[in-house]
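Below is one structure, written out as structure tokens; the observations come after it.
Just so it is clear, none of the values below were taken in a lab; they were calculated from the coordinates. Keep in mind the model is a prediction, meaning the values are calculated, not measured. Positions of Cβ are generated from backbone atoms using ideal geometry, with glycine treated the same way; all protein chains shown enter the neighbour counts.
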Amino acid sequence: MSTWTRPATRRPATRTAPAVPAVPAADAPPTHPVTTTSAEADAPAASPAVGQVAPPQAALVAPGEPRLRAEGLSIGYHERIVSQGLDVAIPDRSFTVIVGPNACGKSTLLRALSRLLTPSAGQVVLDGKTITSYKAKEVARRLGLLPQTSIAPDGITVADLVARGRYPHQKLLRQWSRDDEDAVVRALAATQVTPLSARPVDELSGGQRQRVWVSMVLAQETELLLLDEPTTFLDIAHQIELLELFGDLNREGRTLVAVLHDLNHACRYATHLVAMKDGAVVAQGAPGEIVTAELVEEVFGLRCTIVDDPVTGTPLVIPLGRRG
């Protein structure tokens, strides 16, 4: 069978990706060409192979304690405090979704959990140690992050960008390997971007670019994934496809934390929900246990009725509107 090798990336020497302290994959130097068969490049992608993850990181936490938690966090930007005294524990092997109205502190909390934002008080604990005590590359081997906005280097191809997800796993005496290549091929397939592998990222639509960034995070193969509005720019079909993929990863044992705006999507896919308002956690727990019409009105100011989703049985929010 013939093989297809992605062409060399044209990359201006003066342009680099922005630094990402928790996940330096996009800042990594060029790695190695990814090869796939021509059939793989043309065929529709499938997601199950993504379950082949790297060996679990050694747990350093006491039994019963979550790998990732925030303790007494005070976080914000410059002089503006968004949250004070915030305590949040992410259940291991959960699909935790943070919901709430605009500007309530959802993304700010996620940035703090990923070490992109340093709290003015309190701490984030990862695997039994304060997250700031780790080197950036070590954090990136334990925790993958999809930020709300990402900028790719000019001219970089899809395959090159996704390959940078393997940067945290490379060392001075261990550069590109077959394991790295396999991880990239699986990640490309999982988000259905294999046919786009040779194309420059800056030529893609917003939805295609978002799927490529998700692919890069999947190539990191971490057991913890933090996702800030991962369905942004996607049409409804690709939103569901991506959320189904996240659900599959969670069932395979990974812990996911996502910020979502669609409350019904959150109720359907989350195993653990964190509802925020004005920088504080109002409620948290399984969607079926905490989502009520009263909670939705308290958090979002929306009058509604709650019914069972006819497909999953999870809470389905029906807005009443002005006439309700």
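Add +1 for every Lys or Arg and -1 for every Asp or Glu among the other residues with Cβ under 14 Å from the Cβ of Glu229, and state the total.
Once all neighbours under 14 Å are counted, the net charge is +2.
Taking the Cβ of each residue in Trp176, Trp213 as the centre, tally the other Cβ atoms inside 10 Å and list the residues starting with the fewest.
Ranked by crowding around the Cβ, least crowded first: Trp176, Trp213.
HN-Hα J couplings of the stretch 224-239 from phi, Karplus 6.51/-1.76/1.60, θ = phi - 60°, integer Hz, Gly and Pro as x?
Values per residue, Gly and Pro as x: 10, 10, 10, 10, 9, 6, x, 8, 4, 6, 8, 6, 4, 5, 6, 4 Hz.
Using the count of nearby Cβ atoms within 10 Å as a rough guide to exposure, how do Ile156, Ile290, Ile151 rank from fewest to most?
Exposure proxy ranking, most exposed first: Ile151, Ile290, Ile156.
List, in order, the whole-Hz ³J(HN,Hα) value for each residue of the stretch 176-183 obtained from phi through the Karplus relation with A = 6.51, B = -1.76, C = 1.60 and θ = phi - 60°; use x for Gly and Pro.
My calculation for the stretch 176-183 gives 5, 9, 5, 4, 4, 4, 4, 5 Hz in order.
From the phi angles alone, apply the Karplus equation (6.51, -1.76, 1.60; θ = phi - 60°) to the stretch 134-140 and give each ³J(HN,Hα) in whole Hz, x where the residue is Gly or Pro.
Result, rounded to whole Hz: 8, 6, 4, 5, 5, 4, 5.
May I ask you to sort Asp228, Asp154, Asp160 by Cβ crowding, counting other Cβ atoms within 10 Å and putting the fewest first?
Asp154, Asp228, Asp160
For the stretch 90-177, which trypsin sites (Lys or Arg not before Pro) pass both filters: DSSP loop (anything but H, G, I, E, B) and at most 13 other C-beta atoms within 10 Å?
The qualifying sites are Lys135.
Please list, by residue number, every one of the GluC sites (Glu not before Pro) in the stretch 252-324 that is coil in DSSP and has at most 14 other beta-carbon atoms within 10 Å.
Glu252
Plugging the Kirkwood radius over Cα pairs into Stokes-Einstein for the stretch 68-142, at a temperature of 20 °C and a viscosity of 1.002 mPa s, what D comes out in µm²/s?
167
For the stretch 130-182, which semi-axes, largest first and in whole Å, follow from the square roots of 5 times the eigenvalues of its Cα gyration tensor?
Over the Cα atoms of the stretch 130-182, the ellipsoid semi-axes are 21, 18, 9 Å.
Once every Cα of the stretch 174-279 carries one equal point scatterer and solvent is ignored, give the base-10 log of I(q)/I(0) from the Debye formula at q = 0.14, 0.17, 0.23 Å⁻¹, two decimals.
Taken in order of the listed q values, log10 I(q)/I(0) reads -0.59, -0.84, -1.37.
With the crude spin-label approximation of a point 7 Å out along Cα→Cβ, what separation in nm comes out for Glu252 versus Trp176?
2.3
Given the Cα-Cα distance of Thr305 and Asp278 and 0.36 nm per residue of separation, how much length would full extension add, in nm?
Answer, rounded to one decimal: 7.4 nm.
Go ahead and run the numbers for FRET between Glu79 and Ser133, Cβ-Cβ distance against an R0 of 41 Å, rounding to 0.05.
Calculated value: 0.90.
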